[in-house]
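Report on one structure; see the data block that follows.
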Amino acid sequence: MTDSLAIQGGAPLRQEPFPEWPIFGDLEREGLMRALESGHWGGEGPIEAEFSQQFATFCGARHAICVANGSITLELILKALGIGPGDEVIVPALTWLATAWAPLQVGATPVFADISADDWCIDPNDVRKKITSRTKAIIPVHLYSQIAPMTQLLEIAREHRLHLIEDCAHTHGSEWEGQPVGAIGDAGSFSFQSSKGMTAGEGGAVVTNSDHLADLIFGLKNCGRRRIPDSPATFGSNNRMTEFQSAVLIGQLQRLPSLMETRAENINYLREALRTVDGVKVLEPKKEVTRQGMYCLSVAVDDRAFGGMPRDLMVDTLQAEGIPVTPPYDVVYRSTLWKPSEKLWKFAPDKNPRKELGLDAHCPISEQVSLHTGLAFNHRMFLGTKKDMDDIVDAFLKVQKHADDMRWKSLNKKFRLATRKVLGKI
């Protein structure tokens, strides 16, 4: 291990990159050529039908409806459930913006609930506090490597006659008590965006066990045309997936189990190795999680074990050592992306924009994790070797060794600017 930190001019602990993403090969190439030569490039083709059936089976669901992206899946589910103006939808404060954006898109109000510190998923106790007479649905997010506490959430949904919509953008292949995520609630939303655990660059899917809901969502994404022949048309827009995306996803789905196995093996190794590093904790899966998909690995740090080093400085320092760690998402209501212009987004005259956007919300655990204690390691980092995992551990130990030297510099503006310049050269 080198003596000086890279951020201070020393040699980075790690010179070689972690595995790149996406991973692809002949499976995807052959699928793309099949789509190209078929002459049917748009939506609702035979390759999409093939992938839909395969993905539904993989998710243990009766139906999978392919759509243009993961964000639109949530909007279509809400529309199909009849949720709209005057309704409230409870969402976690720590999530990607799309979870909270979807209710706004249908005229409903997102209501932010806090997360639990042990899994970064929506806290059922806070969900109960946020239920009102206007509440119509809960959207738990299976965030990063975790699954939301579905048993408790199902109980709450049944008790209050609420819809339960799973945001599964991060958890392709995860299982709760042996049941794949997605169709545990009314419907599940999946994303195939470029950074996800299986990808076609963009794309999404809704899974559900409801024939009625599947038919409505199909019409909403296919210009009002219904899934069942001779059914009357309805309103809808064009949110279709192409045959090229479907072809790539067939290949991605075939390779997913092997990738999940590699990730799980490396994560288990890393989890044990990091137990030796004071102040660093990999979040454990709940006992009900029988298979764990992956987007990012959730890691909590205690700055007291690092001389009080601010989390963001720790991120910069680890990145300089060649470890591409990031902070978690911004809390939605604190994000710079969650402030629509008055000219672009109009609320009804009787609506208070701050209330509708949840800008006055306060979810202390979400804010603590997002701003101070959370780290996220992308799934691609776990597709390599045990040596890669050892480097992550050694980087934490190296930063910890020099933490006292770094503490005062975290407040020095010139040092922060120098940090950015160093990172830009790596």
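The values are calculated or read from the model by the stated rules, or taken from the named source; none is laboratory data. Quick caveat, the model's predicted, so the values are computed rather than measured. All Cβ positions, even for glycine, are placed from backbone atoms using ideal geometry, and neighbour counts span all protein chains on display.
Tallying residues that are among the aliphatic types (A, V, I, L, M), closer than 12 Å to Ile147 by Cα and modelled with pLDDT of 95 or more within the range 273-296 yields 2. The residue that is surrounded by the fewest Cβ atoms within 10 Å (Cβ to Cβ), counting only those in the range 166-203 that are of a type in the set (Gly, Ala, Ser) and within 16 Å of Thr57 (Cα to Cα), is Gly178. Looking at the structure I just gave you, is Arg255 surrounded by fewer than 21 Cβ atoms within 10 Å (Cβ to Cβ) and assigned to a loop (DSSP other than H, G, I, E, B)? Considered against the rule, which asks whether it is surrounded by fewer than 21 Cβ atoms within 10 Å (Cβ to Cβ) and assigned to a loop (DSSP other than H, G, I, E, B), Arg255 comes out as no.
When the range 273-315 is examined, which residues are found to be of a type in the set (Ser, Thr, Tyr) and either without any contact (Cβ under 8 Å) to a residue 40 or more places away in the chain or within 30 Å of Gln179 (Cα to Cα) (or both)?
Within the range 273-315, Thr290, Tyr295, Ser298 qualify.
Candidates Thr336, Thr419: the one that is part of a helix (DSSP H, G or I), β-branched (Val, Ile, Thr) and modelled with pLDDT under 95 is Thr419.
Here Arg128 clears all of (1) buried (at least 20 other Cβ atoms within 10 Å of the Cβ); (2) over 16 Å from the mean Cα position of the chain (by Cα) except the condition numbered (1).
Taking the range 158-196 as the range and being without any contact (Cβ under 8 Å) to a residue 12 or more places away in the chain and either within 17 Å of Ile72 (Cβ to Cβ) or not in a loop (DSSP other than H, G, I, E, B) (or both) as the test, the residues that pass are Arg158, Glu159. You will find that of Ser71, Ser52, Ser116, the residue that is farther than 30 Å from His40 by Cα and of a type in the set (Ser, Thr, Tyr) is Ser116 and no other. For the range 8-21, the set of residues classified as farther than 19 Å from Val399 by Cα and crowded, with 16+ Cβ neighbours inside 10 Å consists of Phe18, Trp21, listed by residue number. Return the total of residues in the range 204-236 being farther than 14 Å from Ala56 by Cβ and of a type in the set (A, V, I, L, M). Matching residues across the range 204-236 total 4. When restricted to residues that are at pLDDT 90 or above, in a loop (DSSP other than H, G, I, E, B) and surrounded by 18 or more Cβ atoms within 10 Å (Cβ to Cβ), the range 210-239 contains 1.
Only one of the listed residues (Lys346, Lys355, Lys339, Lys286) is within 20 Å of the chain's Cα centre (by Cα), farther than 20 Å from Lys196 by Cα and charged (D, E, K, R). That residue is Lys286. Of the residues contained in the range 129-137, one or more are found to be of a type in the set (A, V, I, L, M), more than 26 Å from Asn69 (Cβ to Cβ) and either without any contact (Cβ under 8 Å) to a residue 60 or more places away in the chain or touching a His at 6+ places or on another chain (Cβ under 8 Å) (or both).
Taking the range 11-116 as the region of interest, the helices (runs of 4 or more DSSP H) fully inside it that hold 3 or more residues being more than 21 Å from Leu143 (Cβ to Cβ) are 26-38, 46-58, 70-80.
Condition (residue is surrounded by 14 or more Cβ atoms within 10 Å (Cβ to Cβ), in contact with a strand residue (DSSP E or B) (Cβ under 7 Å, 6 or more places away or on another chain), in contact (Cβ under 8 Å) with a residue 40 or more places away in the chain and of a type outside the set (Ser, Thr, Tyr)) applied to the range 260-267: is it met by at least one residue?
Within the range 260-267, one or more residues are surrounded by 14 or more Cβ atoms within 10 Å (Cβ to Cβ), in contact with a strand residue (DSSP E or B) (Cβ under 7 Å, 6 or more places away or on another chain), in contact (Cβ under 8 Å) with a residue 40 or more places away in the chain and of a type outside the set (Ser, Thr, Tyr).
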